[in-house]
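Here the structure comes first, spelled out in structure tokens, and everything after it is commentary.
We did not get these values from a lab; they are worked out from the coordinates using the rules stated. The model shown is predicted, which means the values in this text are computed figures rather than measured ones. So basically every Cβ, Gly included, is an ideal-geometry build from the backbone, and we count neighbours across all protein chains shown.
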Amino acid sequence: MEDLFSKESSSKKQIPLAFSLRPTDWNEFIGHGSVVKSLRSLSKPTSILLYGPPGSGKTTLAYLLTKDWKFEKRYLSCVTSGVKEVREVLEEGKRRGTIVLFLDEIHRFSSSQQDALLQAVEEGEVILISATTENPSFRVNRALLSRLLVFRLHPLSESEEIQIFDSALTRLGTSRTFSREIKQELLQRSSGDARKLLGSLEQILQRTDENEPITIELLSEILGEKILKYDKNSENHYDLISAFIKSLRGSDPDAAMLYLSLMLEAGEDPHFIARRLTVFASEDIGNASVQALSLAIATWQAVERLGMPEGRIPLAQCVCFLASAPKSNASYMAINRANQFVKERLREFEVPNHLRNAPTKTHKAEGAGLDYRYPHDYPGHFLKEKYFPPSLYPRPPLFYFPSEQGFEKNIREHLLRLWGSEKYESERG
């Protein structure tokens with residue numbers, strides 16, 4: 001890790017402020033109190049994985065943790081390194097006895113590349129300190145994960161970022177002052193990322209005079225537009241859409257609107273959102289509001305024809321309606337019950353003869369469709385008929401249990417009038 005942290009080796013380079021001000025002992029480190037306590041209490045050098053967003057302090061924690069370990073240290077980035085470089089470190093570990101390997105962005109290694117580390121970590125030839133911005137449950141092999149202590153880092157809080165910001169000003173010895181409004185703007189732009197916060201400070205100091213007042217307009221001119229933290233392929237993407245759907249399901253149109261706005265501002269594909277709204281309309285509203293699915297489909301079509309930014313308007317309308325509509329997952333549960341029944345119990349089935357199609361004389365001669373009774377010929381356009389395969393009588397299964405929500409309550413009452421209360425006995429669910 002010496003090549004990563006040695007500032008002397010980079011003396012001829014333009015060193016970023018975030019790097020030059022990186023803490024060199026535990027007393028200088030700010031944030032992640034419980035994680036720091038756990039790391040400092042380790043009784044011996046141990047392989048670990050640090051998991052958290054960019055700029056949360058993973059590399060610095062790795063450095064502080066291993067600073068006093070009496071082993072050779074090596075740094076590799078999975079962005080620029082492959083199995084060849086890893087094997088060279090592993091061979092060095094065999095020769096020396098033990099070596100510390102800091103492996104950054106480990107989620108970028110394939111499963112087979114991660115497998116190359118297993119034996120060396122298991123036998124103690126390598127103490128692996130790894131870091132990732134991705135959820136390790138999805139991106140790191142279970143076999144390797146079982147050999148590592150995993151510590152999760154969250155985005156830095158506003159108070160922690162302010163401490164880092166003020167500490168940087170003190171260490172730089174500058175007399176520059178920043179108003180509360182400017183600090184809040186910088187905190188919003190950094191979103192818990194200390195590296196981004198210090199990078200912004202560096203730009204301001206380089207591009208303004210000592211006594212020049214810093215305004216929001218000047219800040220925007222120096223730093224450009226604010227960009228929301230959002231990656232369509234990362235956990236953040238799935239967390240946002242999850243929060244969006246759960247807010248819809250929980251009938252909170254305001255929270256749902258917030259997440260809709262966040263996704264659109266971050267550049268999410270509006271067709272993806274429209275597709276999820278269509279699924280939601282059937283899965284979570286169903287027959288409680290029969291307009292829901294029609295509106296969702298119409299919204300999808302409107303987004304396709306209007307494009308953005310106008311497409312946000314029908315999306316907003318649909319979100320407000322779906323969040324506010326009565327909810328029922330009865331039809332969704334019905335197909336799940338039917339699928340389970342078919343997979344587990346219905347190995348063979350026969351369509352009742354009176355329900356079979358009879359397109360030819362041969363079919364009719366076989367009795368197909370014989371004795372079928374046409375419901376429209378009976379009072380109320382209904383009669384009690386047997387529609388299940390014969391093998392399922394005398395007690396055929398039930399799958400659909402209409403709720404008491406919205407329009408579905410009317411459906412329930414109608415079916416009870418037709419079939420009688422025995423059709424929906426609770427013990428048959």
* **Isotropically averaged projected area of the stretch 24-90, using the convex hull of Cα atoms (one quarter of hull area), nm²** => 5.5
* Asked: Going by average Cβ neighbours within 10 Å, how do the peptides 62-69, 336-343 rank, with the highest at the top?
  -> 62-69, 336-343
* Structure fact -> At q = 0.10, 0.14 Å⁻¹, the log10 of I(q)/I(0) for the stretch 271-429 from a Debye sum over equal Cα scatterers comes to -0.57, -0.91
* **Where the Cα pairs of the stretch 72-199 fall when distances are cut into 10 Å bins, in %** => 11, 33, 21, 21, 12, 2
* How large is the convex hull of the Cα atoms of the stretch 234-288 per residue, expressed in Å³ as a whole number? -> 70
* Restricting attention to the alpha-carbon atoms of the stretch 322-408, what are Rg (one decimal) and Dmax (integer), both in Å? -> 17.5, 55
* What is the log10 of I(q)/I(0) for the stretch 82-125, computed with the Debye formula using one identical point scatterer on each Cα and no solvent, at q = 0.17, 0.21, 0.34 Å⁻¹? -> -0.43, -0.65, -1.37
* Inverse of mean 1/r across different Cα pairs in the stretch 1-153, Kirkwood, Å -> 15.9
* Convex hull of Cα atoms in the stretch 133-264, direction-averaged projection (nm²) -> 11.2
* First obtain the Kirkwood hydrodynamic radius of the stretch 295-363 from its Cα pairs, then insert it into the Stokes-Einstein equation at 25 °C and 0.890 mPa s, and state the resulting D in µm² per second as a whole number. => 148
* Structure fact -> Label model pair Glu88, Asp25: point-to-point distance (7 angstrom along the Cα→beta-carbon line) in nm is 3.5
* Distance in nm between pseudo-label sites at Tyr372 and Ser324 (7 Å out along the Cβ direction from Cα) -> 4.5
* **Estimated [θ] at 222 nm from DSSP helical runs (n ≥ 4, -39500 (n - 2.57)) normalised by residues in the chain, nearest 500** => -14000 deg cm²/dmol
* Structure fact -> At 37 °C and 0.692 mPa s, the Stokes-Einstein diffusion coefficient in µm²/s for the stretch 256-308, with hydrodynamic radius from the Kirkwood sum on alpha carbon pairs, is 284
* Which residue, chosen from Ser331, Ala368, Leu415, occupies the Cα position most advanced towards the positive end of the dipole of the stretch 299-429, where the dipole is computed from +1 (Lys, Arg) and -1 (Asp, Glu) charges on Cβ about the Cα centre? -> Ala368
* To do: Beyond 18 Å between alpha-carbons counts as too far, so tell me which of Lys327/Lys384; Lys343/Lys384; Lys44/Lys67; Lys327/Lys409; Lys246/Lys327 fall in that bin.
  => Lys327/Lys384; Lys343/Lys384
* Between Leu258 and Ser111, take the C-beta separation as r, use R0 = 35 Å, and let me know the FRET efficiency to the nearest 0.05. => 0.40
* Viscosity 0.692 mPa s, 37 °C: Kirkwood-radius Stokes-Einstein D of the chain over Cα pairs, µm²/s -> 119
